[in-house]
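Below you'll find the structure, written out as structure tokens, and then a few comments.
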Amino acid sequence: MRSHVTSDESFLSRPQLYGGFGGFPKSASSTECKVFYNRSQRARMNVVSACESLFIPWLLFCFVYASTSFSAHYRRLWLCVLLDAIALAAVLVSGGFAFKALRKRVVPGERPEPNWFMFLFLTMCIAWICGVVFGNLNYWTNMQPYYDYTNLNEYNDVMPATVRGQQLMDAGRIHFTNTTKLDLRKSMGFKNMDTYCVAPISITGTGAGTLLPLDSYDFWAVGLGCCSSNSDDFHCGEYNNPKAHGGLRMMRDDQRAFYRLAVEQASAAYSIKATHPLFFYWTEDPTFEMDTFRAEGYKYFMIGMLLHFGFQILCVGLGLLGFSKIWRQ
């Protein structure tokens, strides 16, 4: 007696009659499953690509920003250039992958895939350029003056009446004696767009803090835009701090000539002599002021890292938003 067999059971039990399992008719459910798994795999790949596009450009920016900002730039310029060139090579490699992805032919019937390689290449270009630009800005503004000061000498207990400027040409920081004081009556300002202000560093006598005349005024406190031209109203730095007896060397070559002109005006106006003037920012603790440049450099480095990470998050978010429209098509 022949048993009753459904069409589906006969198909599964005797596949050879229908050309094997490969001839199994595609149902709507199987097609839906294939699309589901393809989309699931694509979604997983997009998460990985998004993470790579978030962290790789940011790490590249931090690398270039650090190599351009800090001591490699000052002490071994060749090393700084080499590190930036290696980072640029990484950008070019990502560009090669992006170009290869663009040239890849799209299979007919397939939906277009979002090109994360191109996104990665573009954001890495931005990261490298920003790292070089802001790294150099941080270096020239903060770190380079700090490294210059560390290369110069520090002198203690300097007496302006007995020491000449030629003897302290390599001074970066000077701690004067406690009898040292600014002679604000002999201050002067030279006007050239900005006002370049100078005041001689003198010493007090034994009676009532009277300032003593010096044979040569070789040490001058300076400041920019903190006095009136041709007037003794110097108010630069810690001019009114009675504990201030120190000076941090003025290192700006583009300003030195104008401060010299201000000293020449003061010499002519007050009939004093300045054989070899040296210029300092008047402060209580010149070492602290020097370390301020380093602290500012580190601060702006951290700010740059955080800002670029936020920028990269924004770019990746916009990329995901734009690519999601393609997936829904």
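The values are calculated or read from the model by the stated rules, or taken from the named source; none is laboratory data. Predicted model only: the values in this text are computed from it and were never measured. We place every Cβ from the backbone using ideal geometry, glycine too, and count neighbours over all the protein chains shown.
Could you tell me whether Tyr281 is assigned to a strand (DSSP E or B), closer than 18 Å to Met169 by Cα, more than 19 Å from the chain's Cα centre (by Cα) and among the aromatic types (Phe, Trp, Tyr)?
yes
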Within segment 99-131, of all residues that are surrounded by 15 or more Cβ atoms within 10 Å (Cβ to Cβ), not charged (D, E, K, R) and not in a helix (DSSP H, G or I), the one modelled with the lowest pLDDT is Pro114
Considering segment 250-280, residues that are touching a Lys or Arg at 6+ places or on another chain (Cβ under 8 Å) and hydroxyl-bearing (Ser, Thr, Tyr), and then whichever is farthest from Cys227 (Cα to Cα), we arrive at Thr275
Those strands (runs of 3 or more DSSP E) completely within segment 175-264 that have 1 or more residues that are under 33 Å from the mean Cα position of the chain (by Cα) are 188-192, 194-204, 219-224, 246-249
Given (1) modelled with pLDDT of 95 or more; (2) loosely packed, with under 14 Cβ neighbours inside 10 Å; (3) closer than 25 Å to Asp218 by Cβ, Trp282 misses just (2)
*asked:* Among the residues in segment 159-171, are any touching a helix residue (DSSP H, G or I) at 6+ places or on another chain (Cβ under 7 Å), in the same structural domain as Ala268 (by TED's automatic domain parsing) and either of a type in the set (A, V, I, L, M) or surrounded by 16 or more Cβ atoms within 10 Å (Cβ to Cβ) (or both)?
replied: no
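Of the residues that make up segment 36-54, is at least one of a type outside the set (Ser, Thr, Tyr), modelled with pLDDT under 95 and in contact with a Gly (Cβ under 9 Å, 6 or more places away or on another chain)?
Taking every residue of segment 36-54 in turn, at least one turns out to be of a type outside the set (Ser, Thr, Tyr), modelled with pLDDT under 95 and in contact with a Gly (Cβ under 9 Å, 6 or more places away or on another chain).
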Taking segment 182-204 and keeping residues surrounded by 22 or more Cβ atoms within 10 Å (Cβ to Cβ) and either at positive phi or without any contact (Cβ under 8 Å) to a residue 40 or more places away in the chain (or both) leaves Asp183
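The rows are residues; the columns are (1) of a type outside the set (D, E, K, R); (2) crowded, with 20+ Cβ neighbours inside 10 Å; (3) assigned by TED's automatic domain parsing to the domain that holds Lys191.
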{"residue": "Ala244", "(1), (2), (3)": "yes, yes, yes"}
{"residue": "Leu248", "(1), (2), (3)": "yes, yes, yes"}
{"residue": "Met251", "(1), (2), (3)": "yes, no, yes"}
{"residue": "Ser271", "(1), (2), (3)": "yes, no, yes"}
{"residue": "His276", "(1), (2), (3)": "yes, no, yes"}
{"residue": "Cys315", "(1), (2), (3)": "yes, no, no"}
Point to revise | So Ser27, is it of a type in the set (Ser, Thr, Tyr), more than 27 Å from Ser94 (Cα to Cα) and at pLDDT below 80 | key: yes
